[in-house]
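The values are calculated or read from the model by the stated rules, or taken from the named source; none is laboratory data. Keep in mind that this is a model prediction, so the values were computed, not measured. Here the Cβ is made from the backbone with ideal geometry for all residues, glycine too, and neighbour counts use every protein chain on show.
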Amino acid sequence: MPTINFKGKGAVWNHHLSVPYQVLEKDNKLSIEGKNDNENLIIEGDNLVALKSLLPKYQGKIKCIYIDPPYNIGKNDSWVYSDNVNSPLIKSWIGKNVGIDDLTRHDKWLCMMTPRLKLLWELLDDHEGVIFISINEAEIHHLKQLMDQSFGEDKFVAITTIQSPSYVETTDSIKMNEFILIYKKSATHNLFGEVKTTEGRGTVGNTAQTMPTIEFPAGLKVVGVKDGVYSSIRKIGGNEDIELVGNKITIQDGKLLKSIKLKARWRNPGDLKKFFNNNCTPIVNKFKKKIVEVYLKGDRFMPYTVKESGEKFPSLITTANVPNINKKGSDELRELFGEKIFNYPKNTTLVKYILSFFDDTITVLDSFAGSGTTAQSVLDLNRENGGNRKFILIQLPEKIEKDTPAYKTGFGYIHEITRERVKRVIQHDKIDIGFSYFKLGAPIDAESILSGKLPTYKEFAKYVYYLATGETIDNEKSIDESRYFVGKDRGESIYLIYQKDKDKLKNMAVTLDWAEKISKKDKGKKIVYAPACFLDEEHLEKFNIQFVGVPYNLFEKK
């Protein structure tokens, strides 16, 4: 298979392995209490380090990742290389702006993306994980080669072209399109099945018109409607009505017992899209895993599409198949902040469309969070169809430049806008949703521990469990500091002899008394992390103990 080569590749290819694990410290003042506040996360910090810190809890568990990294187009999208890679070449890049005149800008971009993509890949669900990456023509060919080499050509799903809501002027052309590169974690996963859509159109005028019939199949789940038999369906609070064609609506065990057909008659065409998108009726709008998209095309026809789960992700996204895809994300921010505040943010339509292909309880990860479009998309979509999606945002505390719209607002850093946007969406929609705001804490590695930068017992215990098993701990309540117990994995107990006290830590060890006491209740195999061990091989074997030194063998896995 052809491979991609770039300056610095050898130094960054496995750099993600050397990145120290850093604890995530919650900032209660910046967090908001509410539903899912422990699952909706906003993390302030370098996304490379933050992604590493998510591994103990989320490795192999994220089904949907959407990222919008720097497009690397030059002056209007400049960025600074900041990874402290052990390479003289790369160290000379650190802190320098990557502009259009930089002859190594593509090399630097690939060096920046490589370790982050490797960690994102580890976080993806092993069976159903899919990553979507927004990009433009400047790096799409490099990114495709990098993904193929890193993850395998058999994991490639598609390159989708998007009718861009904005454009970037260059010296020789105007670029009107952007792209989404899609890869899946498992080659056998079939997120996008066969296309199954129905299309129709009705005449639009100043008089009443009739929508074509829309059919909903038997077995479809229904939310917000009690079991029973219904003879009609109507829009409440208006003159428009919906006609039920054929069978009555029979709901049994929360599902349609038989297929139904609906026909809508409208006096005001402008209300059509609003009706289907704003939960005006539970029957049509609250079907799980089915979205009814109704939109105007030109000035004479009203096309509609019934999109079922299993539909293929389109190779071309325009207003014809995804309404409002060309809406400017800056306008959405203007609605919340009262003025233009961010250059070229993604609009929520694109992210919501991506999320529509997944279960409505997923957690979506965005490690280039920017203004927070992904979080608003999750909150809006949950409000629209009653879902329970969660979000994880990561945003570097990048300083806002003077020539940007946000500078005059008083925000000093981009991550402040990210959090403020989520807060304002929650307040604007008056929803009982919360989030936890985290900052990167002390690193957990041999050098840090030896220097006295110590994590709490629980933080260290969760990481030790990950080191010992390669998996995240499911039951954090099992952690018991009083007896140094972390948890169990496949019949093996994991212990950590540790205290957040440098002086006490120097004298802590696996002793004969402790081993005898623990073995009375736990005769099975035990892996024990501790600063020292006073038992010889014979006694370790007798008590069925595998000793791992802290910090000297901190990163040693079974």
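Below are the figures for this structure:
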item: The range 400-434 - residue that is of a type in the set (A, V, I, L, M, F, W, C) and under 16 Å from R383 (Cα atoms) and, of those, modelled with the lowest pLDDT; result: I431
item: Enumerated strands (runs of 3 or more DSSP E) restricted to the range 476-558, each holding at least 2 residues that are touching a helix residue (DSSP H, G or I) at 6+ places or on another chain (Cβ under 6 Å); result: 485-489, 492-496, 526-530
item: In the range 91-143, the residues that are of a type in the set (V, I, T) and under 26 Å from Y353 (Cβ atoms); result: V130, I131, I133, I135, I140
item: Residues (more than 24 Å from L123 (Cβ to Cβ) and either modelled with pLDDT of 80 or more or under 22 Å from the mean Cα position of the chain (by Cα) (or both)) located in the range 440-458; result: L454, Y457
item: Test: residue in the range 7-29 that is modelled with pLDDT of 95 or more, of a type outside the set (A, V, I, L, M, F, W, C) and touching a strand residue (DSSP E or B) at 6+ places or on another chain (Cβ under 6 Å); result: no
item: Only listed residue being at pLDDT 90 or above and either within 23 Å of V19 (Cβ to Cβ) or of a type in the set (F, W, Y) (or both), chosen from A468, A515, A461, A509; result: A461
item: Per-region count, the range 53-65, residues out of contact with any Asp or Glu (no Cβ under 7 Å at 6 or more places or on another chain) and either β-branched (V, I, T) or modelled with pLDDT under 95 (or both); result: 6
item: Condition broken by L296, with the remaining ones in (1) more than 30 Å from Y413 (Cα to Cα); (2) surrounded by fewer than 21 Cβ atoms within 10 Å (Cβ to Cβ); (3) in contact with a helix residue (DSSP H, G or I) (Cβ under 9 Å, 6 or more places away or on another chain); (4) at pLDDT 80 or above satisfied; result: (4)
item: Considering residues of the range 411-439 that are within 17 Å of the chain's Cα centre (by Cα) and of a type in the set (G, A, S) only, the residue surrounded by the fewest Cβ atoms within 10 Å (Cβ to Cβ); result: G434
item: Top-ranked residue in the range 312-362 [being among the basic types (K, R) and either crowded, with 18+ Cβ neighbours inside 10 Å or part of a loop (DSSP other than H, G, I, E, B) (or both); ranked as modelled with the lowest pLDDT]; result: K312
